[in-house]
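Asker: Mind having a look at this structure? Questions to follow.
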Amino acid sequence: MIKLEHVTKNYEGSGRHAVDGLDLDIENGTTVALIGPSGCGKTTTMRMINRLEQPSAGRVLVNGEDISGIDPRDLRRRIGYVIQQVGLFPHMTIERNVATVPRLLGWDKARTGRRIDELLDLVGLDPAVMRKRLPHELSGGQRQRVGFARALAADPEIMLMDEPFGAIDPITRVKLQDEFRLILKKVSKTVVMVTHDLDEAIKMGDRIAIMRDGRLLQYDTPQAILAKPADDFVRSFLGKDRAIKRLSLIEVESMMSPARENPKGATVYPGDSLHIALSTIIADDLEGVDVVTVDGHRVGYLSRDALFAAHTAAG
Amino acid sequence: MIVVEAFNWILAHQTEFFSAFNRHLALCLISLAIASAIALPLGFWVARSQKASFVAINIAGSLRSIPSLAILAGTMPFLGIGLLPSVVALVVLAVPPLLLNTVVGIREIEPSIIDAADGMGMGRREILWQVELPLAVPSIIAGIRTGAIQVIGGAALASFIGGGGLGDFINAGIAIMNMPRLVVGALPIALLAIFAEVFFGWLQRWLTQRR
Ligand SMILES: Nc1ncnc2c1ncn2[C@@H]1O[C@H](COP(=O)(O)OP(=O)(O)O)[C@@H](O)[C@H]1O
Ligand SMILES: [Mg+2]
């Protein structure tokens, strides 16, 4: 668990707090998305977790231990670090880049070699093709895959990611978000991810921390935040379509009623989001849709009213 | 033909010629080595701070505009004549381009690369040897190339303050109005400079392309 206790950061020569009395608990195995306007202190907050910045006041604890007592280099070798610009070493091959932390930790050649193959496979790159390449021979998306593999190399418990998809074209970005999310769940990392993209935060975050001017405004699950914004700033930050956004987080299965007598019209799957159910209902101007499994069993019914009620129901 | 006459003179005075040629080369190599030993560490140290880099780049830039002969003449009042003042003058000549290119080479490294290295837990020393130095090498080689050409030309003038080398033939040639003798000094110096230019230029391109 990562615990920020009343953490404040003042940069030298700056009159105001970059981070201002922040309290934040991050459970093991969860992903927290830090989001807020540019300059609100997201990056600074993240960088205090691996001691790239020192808090001016307050403490940061990892698994109960105050990190100010840990050698920064030892701490950082236990924490994966991914940044928007990737920061691959341009003069080193992909395999050497990925092996950076194992090299620092003094792993033997065989173990490092196995790990490189494993990681490149994991992030969807063919080791046989990629190992000997140089970073400039890769596309932006491929480079971030390597950056991600490099951060995972020594199997750190924690991953810090600062706008990891910020420099990637929209189509590749969606693909990488999906893939990285699955990988992070599979290897059950504790993740702190900085983003300024609300959809990304909703998609990747088990919890979202909304910041403004160095302060934490709201910290909760995406569903809860979209349902009950803490204040007007958060409300406007989420946008006028927040109710629709929230529908994409709720599965049809959780809101459906038992199957009806006379099925007709379009159908949806139980695992579809309410967003898709709504779209289906609007498209055919239906009173509701029947819910059918992939193998054709009718398992429920979702009425227009039930769908509209979803916004106020489940929190 | 003057060049043929010069060549015949060399054949007839091989010991004299090669002793001057070797001395010229030694003068250049020693000065370059000392200048590198000063400028590279200094460059890495200076590059830590933006302000210091700015100051160093400007001082090095203005030092470069002082003519070689002025620097050589300038050492004489303090160190007299001979080998030592010549080496000192050539070092002073070679340090600015080396320092300039070292500082620029390091400052031009993308900050995100160093940030990533820091964030993964590399130490100062590891970052220096594994990241900064290799990435600055092409720029440093460019500095050595400029410095080498400066020093090869500057060494020709060392003869004026008793430093010896191929410049002696040029001075002798002028003194006795013997053009072939002048060419005995001038041509090898020109060839040395061209060789340094081509070799370091190739090395620089080769190292740059590798990444
Ligand atoms: N190294 C630094 N020195 C001085 N001020 C900084 C530094 N880094 C960030 N700041 C300031 O601290 C505030 C928060 O910055 P940052 O954490 O980078 O915000 P965000 O990541 O949310 O955009 C900003 O006002 C920024 O200008
Ligand atoms: Mg930021």
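Asker: For A:Gln85, which of the numbered conditions (1) more than 15 Å from ligand 2 (Cβ to nearest atom); (2) surrounded by fewer than 21 Cβ atoms within 10 Å (Cβ to Cβ); (3) touching a residue at least 12 places away in the same chain (Cβ under 8 Å) fails to hold?
Answerer: With (1) more than 15 Å from ligand 2 (Cβ to nearest atom); (2) surrounded by fewer than 21 Cβ atoms within 10 Å (Cβ to Cβ); (3) touching a residue at least 12 places away in the same chain (Cβ under 8 Å) applied to A:Gln85, the lone miss is (1).
Asker: Mind checking whether some residue in the stretch A:278-285 is without any contact (Cβ under 8 Å) to a residue 12 or more places away in the chain and among the β-branched types (Val, Ile, Thr)?
Answerer: Yes, some residue in the stretch A:278-285 is without any contact (Cβ under 8 Å) to a residue 12 or more places away in the chain and among the β-branched types (Val, Ile, Thr).
Asker: Let me ask another. With (1) under 30 Å from A:Gly15 (Cα atoms); (2) more than 14 Å from chain B (Cβ to nearest Cβ); (3) not β-branched (Val, Ile, Thr) as the list, and A:Glu95 as the residue in question, which single condition is left unmet?
Answerer: (1)
Asker: Also, I was wondering about something else. Within the stretch A:24-60, restricting attention to residues that are in a loop (DSSP other than H, G, I, E, B) and of a type in the set (A, V, I, L, M), which residue is farthest from ligand 1 (Cβ to nearest atom)?
Answerer: Here the answer is A:Ile49.
Asker: Going by the conditions given, is A:Tyr11 of a type in the set (Ser, Thr, Tyr), within 16 Å of ligand 1 (Cβ to nearest atom), closer than 25 Å to B:Met120 by Cβ and exposed (fewer than 14 other Cβ atoms within 10 Å of the Cβ)?
Answerer: Against the criterion (of a type in the set (Ser, Thr, Tyr), within 16 Å of ligand 1 (Cβ to nearest atom), closer than 25 Å to B:Met120 by Cβ and exposed (fewer than 14 other Cβ atoms within 10 Å of the Cβ)), A:Tyr11 qualifies.
Asker: Please enumerate the residues belonging to the stretch A:98-111 that are of a type in the set (Lys, Arg) and either in a loop (DSSP other than H, G, I, E, B) or more than 10 Å from every other protein chain (Cβ to nearest Cβ) (or both).
Answerer: Across the stretch A:98-111, the qualifying residues are A:Lys109, A:Arg111.
Asker: When the stretch A:44-75 is examined, which residues are found to be within 14 Å of another protein chain (Cβ to nearest Cβ) and hydroxyl-bearing (Ser, Thr, Tyr)?
Answerer: A:Thr44, the sole residue that qualifies.
Asker: Only one of these is assigned to a helix (DSSP H, G or I), modelled with pLDDT of 95 or more and more than 9 Å from chain A (Cβ to nearest Cβ): B:Val88, B:Val92, B:Val103. Name it.
Answerer: Going through B:Val88, B:Val92, B:Val103 in turn, the sole match is B:Val103.
Asker: Tell me which strands (runs of 3 or more DSSP E) are completely within the stretch A:178-247 and hold 1 or more residues being more than 17 Å from A:Thr30 (Cα to Cα), or say none if there are none.
Answerer: Hits in the stretch A:178-247: A:207-212, A:215-220.
Asker: Looking for something buried (at least 23 other Cβ atoms within 10 Å of the Cβ), of a type outside the set (Lys, Arg) and under 22 Å from the mean Cα position of the chain (by Cα) - is there at least one such residue anywhere in the stretch B:114-135?
Answerer: no
Yes/no matrix, rows are residues, columns are (1) small (Gly, Ala, Ser); (2) touching a strand residue (DSSP E or B) at 6+ places or on another chain (Cβ under 6 Å); (3) under 17 Å from A:Leu4 (Cα atoms):
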residue	(1), (2), (3)
A:Thr43	no, yes, yes
A:Met46	no, yes, yes
A:Ala57	yes, yes, yes
A:Ile67	no, yes, yes
A:Ile70	no, no, yes
A:Trp107	no, no, no
A:Ala110	yes, no, no
A:His136	no, no, no
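The values are calculated or read from the model by the stated rules, or taken from the named source; none is laboratory data. Everything quoted here is computed from the prediction, not taken from an experiment. As a convention, Cβ positions derive from the backbone with ideal geometry for all residues, glycine included, and neighbour counts pool all protein chains shown.
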